[in-house]
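Report on one structure; see the data block that follows.
Rule-based calculations on the coordinates, nothing more; no lab input. The shown structure was predicted, so the numbers you read here are calculated from the model rather than taken from an experiment. Cβ coordinates were reconstructed from backbone atoms using ideal geometry, including for glycine residues, and neighbour counts include every protein chain displayed.
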């Protein structure tokens, strides 16, 4: 299932002043970001724990809502009558805070953690850079 502009509008309660183009661009940007950051089956330690498409779509929706709310907060004064500006500012600010928290949680649920890489440690050996003839000579002395 792909994220649609209608879904974003529904989540934001169909605000005035938010264009289809703006929503579409943010969907494109955030879809690429989620695809890059999401755990993928086949990596070390990722088998049954790979995120589902529904989780990825949810993360995209939350992040796009945050982006759209930021646009609305910045452009609220051009689309809302003077009497309603204060109430709209408060409403959008509260929504923005809520969606930011949800977007962060959604991304944490799907993204690859920074510490999942493994390290290969090498140690010095007791056998130095000897040649085969020196080694065989040393064996006779033991």
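If contacts are Cα pairs under 8 angstrom and at least 6 residues apart, what is the relative contact order of the range 5-117 in percent?
So the answer I get is 34 percent.
State the percent of C-alpha pairs, over all pairs in the range 5-117, separated by a distance greater than 24 angstrom.
33 percent
Compute the distance in nm between two label points, each set 7 Å from the Cα along the Cα-to-Cβ direction, one at residue 24 and one at residue 98.
Label at residue 24, label at residue 98, 2.9 nm between them.
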